[in-house]
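A short worksheet on the structure shown next.
The values are calculated or read from the model by the stated rules, or taken from the named source; none is laboratory data. Bear in mind the structure is a predicted one, so any value in this text is a computation, not a measurement. Cβ coordinates were reconstructed from backbone atoms using ideal geometry, including for glycine residues, and neighbour counts include every protein chain displayed. Ligands, DNA and RNA are stripped out before the accessible areas are found, and what is left, the full protein with its side chains, is counted by its heavy atoms. Shrake-Rupley method; radii C 1.70, N 1.55, O 1.52, S 1.80 Å.
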Amino acid sequence: MFATSTYDEIIKCEQCIENKEIVVFLFVRPTNQDAIDVIQEFEYIYYNSAEYCSIYAIGYSNDSQKQEDNHYRRVREIIDRDWYFSNKAFVEFKNSLERRIKWEYSGEMEVLILQNNPGGKDPLNFSNYVAINVNKGLREGYMDSFQRFMESLIRSARSKVTAKEAVSDLCKSNISIKDTISEAIEDSKKIPSPAKQIIKDRLFYHCANTVNQTKYCLWR
């Protein structure tokens with residue numbers, strides 16, 4: 001798990017990754033207790049996900065020089081370093097990503113899952129991304145908790161990456177983002193509705209197969 005303020009920081013990190021893996025963007029602004037509770041999980045998520053997926057906390061930095069920057073404020077100590085958050089950096093990243101892909105930020109906690117692209121001109125592949133509105137999922141009972149969802153997501157990512165390691169040319173293999181998310185939802189949901197039905201909720205589940213920014217995909 002990484003603190004990141006800009007897209008370039010992510011690109012620099014991903015250029016060092018040689019194998020296919022899942023990449024996760026966390027949009028969590030430290031503005032209420034629910035968000036603070038999630039931020040307290042960052043260190044655990046860091047150690048739990050390290051070998052199988054890259055998770056980026058958007059708008060954050062662990063650069064000690066940020067304490068002199070008026071746009072950043074200290075949030076808490078994570079992995080033995082102070083982490084800072086900037087609404088300015090968060091908004092700039094969010095706006096840039098909205099222009100890049102067919103996605104609109106909900107204003108709530110969101111998890112955006114995509115795949116890396118080792119060796120490619122752009123080390124990130126947004127062609128099959130999925131965005132999950134965490135707050136919507138909690139309100140509707142689609143997930144029991146953020147913690148359980150992330151645990152299930154990382155477990156699913158681990159199983160996908162481990163399975164791909166058996167393929168001779170890993171860099172040409174694709175990881176199914178849709179299957180990964182489906183497994184995570186199935187494992188963490190609070191109500192007994194099938195995952196196929198849950199991800200038809202347009203305000204909860206948004207994928208790359210949209211035609212425009214207001215149209216959401218259904219399970220196929």
| query | Only one of (1) among the hydroxyl-bearing types (Ser, Thr, Tyr); (2) out of contact with any Gly (no Cβ under 7 Å at 6 or more places or on another chain); (3) buried (at least 18 other Cβ atoms within 10 Å of the Cβ) fails for Ser96. Which number is that? | reply | (3)
| field | Scan of region 10-26 for residues that are open to solvent by 50 Å² or more (accessible area, probe 1.4 Å) and in contact (Cβ under 8 Å) with a residue 40 or more places away in the chain, ordered by number | value | Gln15, Glu18, Asn19
| request: Scan Arg29, Arg76 and give me the residue that is under 20 Å from Leu138 (Cβ atoms) and either open to solvent by less than 50 Å² (accessible area, probe 1.4 Å) or in contact (Cβ under 8 Å) with a residue 24 or more places away in the chain (or both). | output: Arg29
| field | Checklist (1) under 22 Å from Tyr129 (Cβ atoms); (2) in contact with a helix residue (DSSP H, G or I) (Cβ under 6 Å, 6 or more places away or on another chain); (3) at pLDDT 95 or above; (4) hydroxyl-bearing (Ser, Thr, Tyr) applied to Tyr60, failing item | value | (2)
| remark: Within region 108-146, residues open to solvent by 10 Å² or more (accessible area, probe 1.4 Å) and among the hydroxyl-bearing types (Ser, Thr, Tyr) come out as Ser127, Tyr142, Ser145
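Residue by residue, here is whether (1) within 17 Å of Asn133 (Cα to Cα); (2) in a loop (DSSP other than H, G, I, E, B); (3) touching a Leu at 6+ places or on another chain (Cβ under 7 Å); (4) modelled with pLDDT of 90 or more holds:
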| position | (1), (2), (3), (4) |
| --- | --- |
| Asn19 | no, yes, yes, no |
| Asp37 | yes, no, no, yes |
| Asn48 | no, no, no, yes |
| Glu51 | no, yes, no, no |
| Arg74 | no, no, no, yes |
| query | open to solvent by 70 Å² or more (accessible area, probe 1.4 Å) and under 18 Å from Leu153 (Cα atoms), is that true of Tyr44? | reply | yes
